[in-house]
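*Asks:* Below you'll find the structure I mean.
The values are calculated or read from the model by the stated rules, or taken from the named source; none is laboratory data. Just so we're clear, the structure is a prediction, and the values are computed from it rather than from any experiment. Note: ideal-geometry Cβ built from the backbone for every residue, glycine included; neighbour counts use all protein chains shown. Side chains included, ligands, DNA and RNA excluded: accessible areas come from the protein's heavy atoms. Shrake-Rupley method; radii C 1.70, N 1.55, O 1.52, S 1.80 Å.
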Amino acid sequence: MPNYDYLCQTCGHRFEVFQSMNDAKLEDCPQPGCEGKVKRLLGTGAGLIFKGAGFYQTDYRSSSYQQGAKQDSAASKPAESTSSTPAPAPAASPTPAKSGD
Ligand SMILES: [Zn+2]
């Protein structure tokens, strides 16, 4: 059962109502003494914008992007480090010629 956000255009009272899509949407503000008309906010996606979740989405996207970039650089790095020059063979010390006595 979806819940809808309503916002009173007179007193600014905001509330959520659980109702099926077949139910008639509310029109009158439930606040006592207020006879203003309420406006149904569009879906939960629109409600998130009011709660400032846009920042969260941006954070989530940038962090996942950073992870992807990290994996990319990690995968390309080992290929470069394989250019190691072979160690030169140690100079062989001349074996002392054995002088026959
Ligand atoms: Zn109201």
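*Asks:* What accessible surface, in Å², does a 1.4 Å probe find on Thr95, ignoring ligands, DNA and RNA and rounding to the nearest 10?
*Replies:* The value for Thr95 is about 120 Å².
*Asks:* Could you list which residues have their amide H under 5 Å from that of Gln19, counting only those 5 or more apart in sequence or on another chain, with H placed in the peptide plane?
*Replies:* It is Tyr4, by chain and number.
*Asks:* Describe numerically, in nm with one decimal, the distance between label points set 7 Å from Cα along Cα→Cβ at Arg14 and at Ala87.
*Replies:* 6.8
*Asks:* Subtract the Cα-Cα distance of Gln31 and Asn3 from 0.36 nm times their separation in residues, and report this length gain in nm to one decimal. Provide the component values of the computation, followed by the final result.
*Replies:* Numbers: separation 28, 0.36 × 28 = 10.08 nm, distance 1.87 nm.
Separation in residues times 0.36 nm, less the Cα-Cα distance, equals 8.2 nm.
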